[in-house]
Amino acid sequence: MFEKLCDETFLVETKAAVLKEKIQTSRVLDYLAEVDRRRLWLREGYASLYDFCIRYLGYSEGETHRRIQACRLSQKVVEVKPLLENGTLSLTSLTLLSPVLEKSNAQDLLPKVINKPSREVADILAKEFPEKIHKKEILKIVLDEELKELLDQAKRLASEKDGAVLLKKVLKDFVRQKRTRNTVTPRHTYRVQARTAREVRDRDGYQCSYLGPQGVRCNQTAHLQIDHVRPYAMGGSSRDLANLRLLCRAHNLAKARLDFPQWDPASPLATPGKPGLCNKEACQA
Ligand SMILES: [Zn+2]
């Protein structure tokens, strides 16, 4: 395919292909922003935009993380997109910038980090924002069989691939639990008896039971709540197992908005096609 090209032309074409790739990446961020705005991931049966990027779009965890950070940052700070497109700022650098870049400091900060390798960007940010960008310490832990198995199980249950993020979550929960040991916290399973709740959890396999229109089941296994298929306020039973199911927090909230449109008429679970109603003529144009 390249044999007939001289070296100079080949290099020019390589550069052009890379430029196209950057513009394409920036376009992907626009698509992700719109998917998120319409909350399409929720309706289709994914637990989050992150989950949608991995299971539906086929990105790896790292690719997803960088794209979502870049997507949200470029919505917030308009100066970011042109820099991504001309290749002077990478997705990795943007991820590093995400905790500190604001509309108010973009004019000052961006010129300092463009055209710099991400390691250098990390150093600059650590100096400029010592209170926000902490130097990371490396904790080495030897995993025996049991610990490794527990870690794998916890990762699956929490839908979290990053061990450090999971550890932070577990430690936060542990500290919170210890601090509120003597406080009775209300359960989300209100009006559903503990035994019934257990049966619902067993039946639904400790996983959100929401099914998208394409048959995709939400894979969220954390923060599950018991949902009344027919709401309790509308006479739905709290004893009939057929009226109860497990939903993750996001799907339960969207379902509540659907049940009680006076709260929020624009539930992402509304009839497929809304709010992003497909106007075929416009789509084909
Ligand atoms: Zn869910």
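The values are calculated or read from the model by the stated rules, or taken from the named source; none is laboratory data. Note that the structure is predicted; figures quoted are calculated from it, not measured. Methodologically, a virtual Cβ is constructed for each residue, glycine included, from the backbone with ideal geometry; neighbour enumeration extends over all protein chains shown.
Observations on the structure shown:
- Cβ-Cβ distances below 7 Å connect the following pairs, each with a first residue in the range 239-255 that is outside the structural domain of residue 48 (by TED's automatic domain parsing) and within 11 Å of the ligand (Cβ to nearest atom), a second residue that is aliphatic (A, V, I, L, M) and in a helix (DSSP H, G or I), and a separation of six or more residues or different chains: 245/200; 246/200; 250/42; 251/42; 254/42.
- Cβ-Cβ distances below 6 Å connect the following pairs, each with a first residue in the range 1-29 that is touching a residue at least 40 places away in the same chain (Cβ under 8 Å), a second residue that is among the hydrophobic types (A, V, I, L, M, F, W, C), and a separation of six or more residues or different chains: 26/84; 29/70; 29/71.
- Filtered residue count, the range 45-82, keeping only those that are closer than 19 Å to residue 208 by Cβ and over 9 Å from the mean Cα position of the chain (by Cα): 5
- Boolean, residue 217 is outside the structural domain of residue 56 (by TED's automatic domain parsing), more than 10 Å from the ligand (Cβ to nearest atom) and charged (D, E, K, R): no
- On inspection, residue 83 passes the criterion of being buried (at least 20 other Cβ atoms within 10 Å of the Cβ) and not in a loop (DSSP other than H, G, I, E, B).
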